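Novice: One structure follows; several queries about it will come next.
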Amino acid sequence: MRRLAPLLAFALVAGCSSREHANPFDPQNPVTNGRPGGFAALAGAQLVELRWTRPVLAGDFAYRLFRRVAGEADFQQIAPDLSGNVTSYFDFALENSVLHEYRLYYVFSGATGGLPAEDRATPGPLRPWCADLARRTLTQVTPDGRHALAETGGFFGPTHVAADPATGAVWLSDTYDGQVVILDPLNGRTNIRGGPAEPVAIALDPIDRSAWICDQGRDAVFHYTSRGIPGSPAQLAGILTPIGVACDPVSGAVWVCEKGGNRVRRFARDGTPLGATSLTAPSRVAVDSLTGDAWVTSFESGRLVRFSSAGAAQDTVPMSGPIGVAVDNRRDRIWVAEARAAQVVAVRRGGAIEFRVGGLGETREVAVDLATGDAWVTAPGIRALVRISASGAVLEKLTGFSDPYGIALDPGRRGP
């Protein structure tokens, strides 16, 4: 009789039709299969937030929640039965970087009924941010890349994004609204207007946390302090269509991709020009903090070029059409988003191609999590944000985006 109790409850609670199976508690319901709806395990730093939706049909029922941690054989109940009015639960004091699996059941008259809703999460401190140009939003993603955690709107054309690891502040270029937005967890939102006309790439100087912002509309790179006021110098002028920028975390040198001038340019932190090297329509630049070398992509000429810290062109890696580039200085690897080839390429410091990850549609920007070696790639061709392991395995493809553009990773580890 114990196994019949849930089925009896289905009929008593909502008058389930044997023909239509409209009752959400019914295991034969074609939509719910008798599982709690909307169940999601949202990873955070040493925690997982569990969310679900309450069924439309109210009744006398409860929820029972189970968890299994990587290495354990069985699921264990982790809380007393939860009221049918409850739609969330926080699981605290968890170990980061460890997989946690969850099951949520309906409970009728003390017995579990139907099938469980299931999800999994891997806690961690990472805070990924993705700008979606078509949706006009900025989305914070869970550290495991499985879910969108929060979405901020009110933009017109968000493209590039950068995160300040010291404070958690996020900088966003709202390109087609002519503004830069700072979202600070302590100071709220700051809108910067009257400077850049079409802001694009952003680089944060790790030395003083100031921002260097390319403006393809005014042929300049603007400079702002961490509070969003003009820095010193206020701008680097006379740069034709700058679309990529990076800061050397050791010397503070500012590298700029001058697409319109077919040059890669270098400046000191005080704005003093340090040199320029020819390269057809450079796209993006990333600096290797270990060697001081800069890795520059050129979508139009189809190549990746390594420049010495003095600005001399060194190795050239032929590609079809690369855009985004990121350096993993801990693993001797450079990640490249090969847009035209619909793939991501891992390159060694010496210029040898290590491996390729294909089937991603058009790829655009890439960022690397130095703690794990994972690469995060925006893939507008499949409308997804893709997380790739240090070994080249696709770990997650988070869909639901329309035109994922920029990606930034805040390591989330505060303090000295």
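The values are calculated or read from the model by the stated rules, or taken from the named source; none is laboratory data. Keep in mind it's a predicted model, so treat the numbers as computed, not measured. When we count neighbours, we look across all protein chains shown, and the Cβ atoms used for this are built from the backbone with ideal geometry, even at glycine. For accessibility, only protein heavy atoms count, side chains too; no ligands or nucleic acids. Shrake-Rupley method; radii C 1.70, N 1.55, O 1.52, S 1.80 Å.
Novice: Helix-only estimate, please: 222 nm mean residue ellipticity of the chain, summing -39500 (n - 2.57) across DSSP H runs of length 4 or more and dividing by its residues, to the nearest 500.
Specialist: -500 deg cm²/dmol
Novice: Using the Kirkwood radius over Cα pairs, work out the Stokes-Einstein diffusion coefficient for the chain at 25 °C and 0.890 mPa s, in µm²/s as a whole number.
Specialist: Stokes-Einstein gives a translational diffusion coefficient of 106 µm²/s.
Novice: Quick check: at a probe of 1.4 Å, how many percent of the accessible area of the range 115-161 sits on carbon and sulfur atoms?
Specialist: For the range 115-161, the apolar C and S fraction of the accessible surface comes to 48 percent.
Novice: Still on this structure, please answer the following. Under 5 Å between amide hydrogens, which residues at least 5 positions from Leu115 or on another chain qualify, with H placed 1.01 Å from N in the peptide plane?
Specialist: For Leu115, whose amide H was placed from the backbone, the distant partners under 5 Å are Arg35.
Novice: Scan the range 220-316 for trypsin sites (Lys or Arg not before Pro) in coil per DSSP, keeping those whose Cβ has at most 16 other Cβ atoms within 10 Å, and list them by number.
Specialist: Answer by residue number: Arg227.
Novice: Need one number: the % of Cα-Cα pairs in the range 297-413 sitting beyond the 23 Å mark.
Specialist: Cα-Cα pairs of the range 297-413 separated by over 23 Å account for 24 percent.
Novice: Write down the accessible area per residue of the range 136-199 in Å², having rolled a 1.4 Å probe over the full set of protein chains.
Specialist: About 36 Å² of surface per residue is accessible.
Novice: In whole angstrom, note down how far apart the Cα centers of the range 95-128 and the range 200-253 are.
Specialist: 44 Å
Novice: For the full complex of protein chains and a 1.4 angstrom probe, list Thr139, Thr87 by accessible area with the highest value first.
Specialist: In descending accessible area the options line up as Thr87, Thr139.
Novice: Over every pair of different alpha-carbon atoms in the range 186-280, take the mean of 1/r and invert it; report that Kirkwood radius in Å.
Specialist: This gives a value of 13.2 Å.
Novice: Hey, if you drop one equal point scatterer on each alpha-carbon of the range 53-166 and run the Debye formula without solvent, what base-10 log of I(q)/I(0) do you get at q = 0.09, 0.19 Å⁻¹?
Specialist: -0.37, -1.03
Novice: Mean-square fluctuation check for the chain, GNM, Cα pairs under 10 Å: which of Gly261, Gly271, Gly153 is largest?
Specialist: Of Gly261, Gly271, Gly153, the most mobile in the Gaussian network model is Gly153.
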